[in-house]
Amino acid sequence: MTRVLLLGGTTEASALARRLADARVEAVFSYAGRTESPGTQPLPTRIGGFGGAGGLAEYIRSAGFTHVIDATHPFAVQMSRNAAAACAETGTPLCAFEREPWTAGPGDEWRHVADVGAAVDALPDTPARIFLAIGKQNLAAFGAKPQHHYLLRLVDPPEGPLPLPDADALIARGPFTEAEDLRLLINHRIDLIVAKNSGGAGARAKLDAARLHQVPVVLIDRPAMPPRRVARDVDGVMAFLAHRADLGV
Ligand code: 3Y8
Ligand code: NAP
């Protein structure tokens, strides 16, 4: 009997949850609990960490999951590493549901950097107005360049003072549209965008707005992921589940 643990938190995970619910596949959706009010899902949902790879392995065993789908974000590297380790330890079939990285097209002015530190180094020395569209977890590093005005976009209101001396915060949850991100670039007189190469449609709007408004982008590469099977769309994940179910594994 197929019983799926779906590690979520992305647009792809929500689309897969819909398909699993429609197909009446037994599944549990998992959020880390990173945001105050995560979206509701059409599946039984758990919120919070597992307690590392060991805790996840124990949960897989005790809850009797037959498959794990890692549909977390390309930057959620710790969760993905733990999922690979826990599935190896418990012998549970694992498939990642991961979107392709973005690639530049005509008119895009992108500079690719390896990580957050390299993104800070890539910023100009002369003061600029920078849209720091990377969420909340990696902001402190930009304190090394306090001369800039930073525009942040956060899912939830910040608990305390922002970690940057000259910063404004917009509170908004994606997915975003090209029109609203173009208005944001114009209204805030943005000179440069810093973003993660997350891929997918939910965070892409700012890059399309940047091309239209001729704003350069510093794009942070994804961290390396552990070796694992990867599906690029919902059908690929469903085929993985069906195939394994046929084999009775
Ligand atoms: C908690 C669940 C869905 C999923 C929607 C996608 C699209 C909208 C765009 C910008 C970039 C950013 C950020 C972003 C986007 C989708 C997707 C995506 C980027 C929610 C969600 C959770 C999170 C966690 C949050 C991080 C932050 C990253 C904001 C829900 C809304 C910047 C990633 O406050 C915090 O601690 C926020 C942390 C991880 C990255 C960071 O380092 O701060 N996502 N985002 C999930 C959990 O608890 O397990 O609240 O409903 C989900 C989505 N955010 O179902 O429609 O699929 O990517 N999320 C990035 O791409 O750079 C915003 O502003 O342009
Ligand atoms: P991370 O750094 O890879 O994971 C840190 C810890 O958070 C994990 O070790 C695990 O805790 C817990 N965790 C992460 N995802 C979880 C999930 N789906 N269910 C249960 N526990 C989870 O993760 P992150 O980058 O902070 O991402 C957290 C969540 O936000 C994920 O759902 C991810 O899909 C979503 N998200 C992240 C980004 C991003 O830019 N990073 C963007 C959009 C959405 P334990 O060790 O205690 O098990």
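The values are calculated or read from the model by the stated rules, or taken from the named source; none is laboratory data. Since this is a predicted model, take the numbers as computed values, not measurements. Note: ideal-geometry Cβ built from the backbone for every residue, glycine included; neighbour counts use all protein chains shown.
Observations on the structure shown:
- Scanning the range 142-161 for residues that are loosely packed, with under 15 Cβ neighbours inside 10 Å and part of a helix (DSSP H, G or I) yields a total of 2.
- Residue among Asn197, Asn187 that is out of contact with any strand residue (DSSP E or B) (no Cβ under 6 Å at 6 or more places or on another chain) and at pLDDT 95 or above: Asn187
- Of all residues in the range 199-221, exactly one satisfies the criterion of being assigned to a loop (DSSP other than H, G, I, E, B), buried (at least 17 other Cβ atoms within 10 Å of the Cβ) and charged (D, E, K, R), namely Arg204.
- Residue in the range 72-94 that is small (Gly, Ala, Ser) and over 22 Å from Thr2 (Cα atoms) present: yes
- Any hit, the range 180-192, residues being under 20 Å from Ala144 (Cα atoms), part of a loop (DSSP other than H, G, I, E, B), without any contact (Cβ under 8 Å) to a residue 24 or more places away in the chain and away from ligand 2 (no atom under 16 Å from the Cβ): no
Yes or no, residue by residue, for (1) within 16 Å of ligand 1 (Cβ to nearest atom); (2) surrounded by 14 or more Cβ atoms within 10 Å (Cβ to Cβ); (3) within 30 Å of His213 (Cβ to Cβ):
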| residue | (1), (2), (3) |
| --- | --- |
| Glu36 | yes, no, no |
| Gln41 | yes, yes, no |
| Ile60 | no, yes, no |
| Asp70 | yes, yes, no |
| Ala84 | no, yes, no |
| Thr92 | no, yes, no |
| Cys95 | no, yes, no |
| Pro106 | no, no, yes |
| Glu109 | no, no, yes |
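- The set of residues from the range 101-138 being within 20 Å of Arg222 (Cβ to Cβ), part of a loop (DSSP other than H, G, I, E, B), modelled with pLDDT of 95 or more and not small (Gly, Ala, Ser) comprises Pro101, Trp102, Thr103, Asp108, Asp115, Ile134.
- Any hit, the range 95-114, residues being in contact with a helix residue (DSSP H, G or I) (Cβ under 8 Å, 6 or more places away or on another chain) and among the hydroxyl-bearing types (Ser, Thr, Tyr): no
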